[in-house]
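The next block holds one structure in the form of structure tokens; read it before the comments.
Throughout, read-outs are computed from the coordinates displayed, never taken from laboratory work. Not measured: the values here are computed from a predicted model. Cβ placement follows ideal geometry from the backbone for every residue including glycine, while neighbour counts extend to all protein chains displayed.
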Amino acid sequence: MNEIIYKILLATLVLSMNIIRGYYQKRYKSTHAVTTRVKQKSREKLLVWLMFFSLAIPGLIWLFTNWLSFGQFYLPGSIRILGFIIGVFAMWLFYTVHKTLGDNWSPTLEIRKEHKLIVSGVYKWTRHPMYTAMLFQMVSFSLITANWFYACTMFAGLAILLITRVPDEEKLMMEEFGEQYKDYMKQTKRLIPFIF
């Protein structure tokens, strides 16, 4: 299959991801005027930029130039199409998580006024389904592009995000919701239902 097809597939997923996030980002800015607590705001902004530089910049370079051609490796077309299917699932999960969180969603770690602990929907299965969706996105993008350099930058960025943010997020939730969150932690896994 022509490489342009895979570029279109990747662009479709990236556009979908940005439409979803853009909508909720705009909604966040217009409806979330009151924050009661923010966790390490400067570090949170740094993590957002890290994900931008590890995901978006190499992705745009792959889409619009041949500068990353040194990282290309062979994958059968069927595997690359499977990557797109995984990406469609990832975008569904990404949207579902945003919709489930509703007014509780924010781009950084913070507790909003009238913040609620969400334990239904996709949160019934994992405590951090947003990161699960991002993990599926990384797998999808890696398979579609068949580029080891892009895969490495994405997974490095995601690993740093998960290692630094997940413990802080859980600590913040325990401080806010106490035993309720501790009980929730006993009933769920962090990222992958029934496994981890």
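Placing unit charges on the Cβ atoms of the charged side chains and taking the dipole of the chain about its Cα centre, the candidate lying farthest along the positive direction among Tyr184, Leu50, Leu143 is Tyr184.
Report the calculated FRET efficiency for Glu114 and Trp92 (r = Cβ-Cβ distance, R0 = 25 Å), to the nearest 0.05. The computed FRET efficiency comes out at 0.35.
A simple spin-label model places pseudo-atoms 7 Å from Cα toward Cβ; at Asp183 and Leu63 they are separated by 4.5 nm. With 22 Å as the limit on Cα-Cα distance, the pairs of Lys124/Lys182; Lys7/Lys29; Lys29/Lys182; Lys113/Lys189; Lys99/Lys182; Lys7/Lys99 that go past it are Lys7/Lys29; Lys29/Lys182; Lys113/Lys189; Lys99/Lys182; Lys7/Lys99. Legend: calculated FRET efficiency, Val48 to Asn18, from the Cβ-Cβ distance at R0 = 22 Å, rounded to 0.05, equals 0.95. Note on the chain: semi-axes of the ellipsoid equivalent to its C-alpha gyration tensor, largest first and rounded to whole Å, are 32, 17, 15. Couplings for the stretch 112-128, taken from phi via the Karplus curve 6.51 cos²θ - 1.76 cosθ + 1.60 with θ = phi - 60°, read 8, 4, 6, 4, 10, 7, 8, 10, 10, x, 5, 6, 6, 9, 9, 7, 9 Hz in order; Gly and Pro are left as x.
The Tyr28 and Glu170 beta-carbon pair, evaluated with R₀ = 30 Å, returns a calculated FRET efficiency of approximately 0.90. Over the stretch 96-150, the Kirkwood radius and the radius of gyration, each from Cα atoms, give a ratio Rg/Rh of 1.11.
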